[in-house]
Amino acid sequence: MGSPVVLGIESSCDETGAGLVRDGRLLGHALASSMDAHARFGGVVPEIAARAHLHALTPVVREALAGAGLTTADIGAVAVTTGPGLSGALQVGLAGAKGLAYALGVPLYGVHHLAGHVAADTLEHGPLPDPCMVLIVSGGHTSLLLVRDLARDPITHLGDTLDDAAGECFDKVARVFGLPYPGGPAIDRTAREGDPRAVPFPRPLTTGPPENRFTFSFSGLKTAAARWAERHHGAGLPLPLADGAASLQEAVADVLTRKAVAACAEHGVRTLVVVGGVAANSRVRSLAEERCAAAGITLRVPPLRLCTDNGAMIAAIGDLLVRAGAEPAPLDVSIDPSAPLTYAALHPVAAGARTGHPPAGSWAQRSAGAASHSRRAALASPL
Ligand code: KG4
Ligand code: ZN
């Protein structure tokens with residue numbers, strides 16, 4: 001028997017995603033975004049995001065299945081983001097995933113959102129080499145990771161950001177520049193007409209003590225960009241937006257790629273994988289290509305549609321876990337909004353949740369016992 005079709009569900013922030021993966025192959029995926037509903041607030045409003053997930057989850061799963069030419073009966077396992085992310089948003093995805101897994105009598109796997117970002121690349125470029133260097137750059141995280149077997153081994157953090165993530169820096173500066181939310185793509189677009197050497201923005205933590213060589217910091221850069229904008233406003237001068245955006249983007253891309261290539265060299269790693277929303281940035285991509293080529297490093301970056309949050313990446317990491325024989329989540333698996341990335345599987349249990357509850361068995365054992373009930377529930381399922 002081949003490996004099962006894994007349904008992946010993502011709901012950690014403002015994208016509701018569903019993806020279907022089997023044996024490393026993407027069969028179909030669908031995405032709904034509540035981004036527009038947040039735009040006028042200049043950032044994601046957690047309550048709005050959670051409510052939007054509630055509305056979007058069933059249609060998105062249905063659309064992914066239709067795109068793949070499958071039905072719920074074809075789903076052999078469900079993977080869902082259990083953290084990190086917005087609490088209410090994660091809860092909606094987990095509740096939906098639990099309902100489906102229980103109704104279908106299939107195992108459930110809780111996964112770490114960032115491991116999903118890493119796994120996204122395997123859908124395009126095949127299995128990851130062991131070891132590989134991963135630069136993960138999103139709206140909430142910026143880390144350099146040494147990855148062995150993503151589904152089995154602990155993940156080594158060589159460095160993380162001390163303050164803001166790279167995407168957060170783009171988002172916050174875009175706001176100061178008067179650009180729309182989300183800021184990263186707006187900065188990228190605006191930068192096209194600008195001169196990246198126009199403003200000498202700092203390159204934080206590229207000099208100084210060696211223990212900081214793989215550590216990031218973007219809040220100083222954010223402040224420098226805000227001060228630059230304020231100086232223009234104060235003097236009543238028009239803001240040379242394109243130059244500011246291009247210079248900021250250059251500073252971020254320079255720091256990210258310089259540290260990533262240095263980490264590969266120091267650890268003798270021949271492959272760099274750049275993932276997360278900021279991997280969609282055109283300058284991050286081109287500078288990474290340039291520097292990796294010069295250093296003889298193979299660069300892997302997922303296609304644009306798989307860089308930002310989506311359900312395919314969660315299905316991809318779920319599929320890797322299933323094929324690695326990982327233990328499914330217990331029935332009382334919960335969420336962890338600030339889970340550190342140590343393993344791809346993430347099965348938190350709420351404190352005190354087990355008091356007075358039946359002992360937690362594995363999802364597969366429990367749902368096997370509920371098989372007839374499951375089939376009935378599956379028939380009644382709205383999907
Ligand atoms: O991975 P992601 O979709 O969500 C998180 O897990 O955070 O990343 C979102 C981040 C946002 O900060 C967004 O501004 C940034 O990725 N981003 C970009 C681009 N596209 C998305 N940043 C720079 N250039 C882009 N083209
Ligand atoms: Zn993400």
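For the chain, the share of accessible area belonging to carbon and sulfur comes to 55 percent (1.4 Å probe, ligands and nucleic acids excluded).
Centre-to-centre separation between the Cα atoms of segment 118-154 and those of segment 173-221: 23 Å. Axis angle, to the nearest 10 degrees, between helix 87-104 and the longest C-alpha principal axis of the chain: 30 degrees.
What are the lysines whose alpha-carbon lies under 17 Å from the alpha-carbon of Lys172, with same-chain residues fewer than 8 places away excluded? Reachable lysines: Lys222. 3J(HN,Hα) along segment 218-233: 10, 6, x, 5, 4, 5, 4, 5, 5, 4, 4, 5, 4, 4, 5, 4 Hz, from the Karplus curve 6.51 cos²θ - 1.76 cosθ + 1.60 with θ = phi - 60°, whole Hz, x for Gly and Pro. Adding -39500 (n - 2.57) for every DSSP H run of four residues or longer, then dividing by how many residues the chain holds, sets the calculated 222 nm ellipticity at -14000 deg cm²/dmol.
Comparing Ala151, Ala295, Ala329 in a Gaussian network model of the chain (Cα springs below 10 Å), the most mobile by mean-square fluctuation is Ala295.
Sparsely packed loop sites in segment 178-270 (the trypsin sites (Lys or Arg not before Pro) outside DSSP H, G, I, E and B with at most 11 other Cβ atoms within 10 Å) comprise Arg197. Shape class for segment 130-301: prolate, because the ratio a/c of the largest to smallest gyration tensor axis (alpha-carbon atoms, square roots of eigenvalues) is 1.5 or more and a/b beats b/c.
With K and R counted +1 and D and E -1, the other residues having a Cβ less than 12 Å from that of Ile314 yield a net charge of -4.
Report the extension gain between Asp149 and His233 in nm, rounded to one decimal, defined as 0.36 nm multiplied by the number of residues separating them, less their alpha carbon distance.
That pair, Asp149 and His233, stretches by 25.1 nm at full extension.
The lysines whose alpha-carbon is closer than 18 Å to the alpha-carbon of Lys98, local same-chain residues fewer than 8 away aside, do not include any residue. Protein heavy-atom accessible surface, 1.4 Å probe, per residue over the chain: 41 Å². With everything on Cα atoms, drop me the angle between helix 282-295 and the longest principal axis of the chain, reported from 0 to 90° to the nearest 10. Helix 282-295 and the main axis of the chain meet at about 80 degrees.
Residues whose amide H falls under 5 Å from that of Ser334, counting only those 5 or more places apart or on a different chain, are Val349, Ala350, with hydrogens built in the peptide plane. Modelled this way, with points 7 Å down the Cα-to-C-beta line, the labels at Glu47 and Arg203 are 4.6 nm from one another.
Taken over segment 229-307, the percentage of Cα pairs per 5 Å bin, counting from 0 up to the bin with the maximum distance, is 3, 15, 22, 19, 14, 9, 7, 6, 4, 1, 0. Seen against the Cα atoms of the chain and their longest principal axis, helix 241-267 is set at about 70 degrees.
Per 20 Å bin, what is the whole-percent P(r) computed from every C-alpha pair distance within the chain? Taking every Cα pair in the chain, the percentages come to 29, 54, 16, 1. Other residues lying with their Cβ under 13 Å from the Cβ of Leu144 contribute a combined charge of +1, Lys and Arg counting +1, Asp and Glu -1.
Each residue of segment 122-127 was assigned a 3J(HN,Hα) from its phi angle through the Karplus expression (A = 6.51, B = -1.76, C = 1.60, θ = phi - 60°), giving 5, 5, 9, 10, x, x Hz with x at Gly and Pro.
The values are calculated or read from the model by the stated rules, or taken from the named source; none is laboratory data. Computed from a prediction, not measured in an experiment: that's the story for all the values here. So basically every Cβ, Gly included, is an ideal-geometry build from the backbone, and we count neighbours across all protein chains shown. Only protein heavy atoms, including side chains, enter the accessible area calculation; ligands, DNA and RNA are left aside. Shrake-Rupley method; radii C 1.70, N 1.55, O 1.52, S 1.80 Å.
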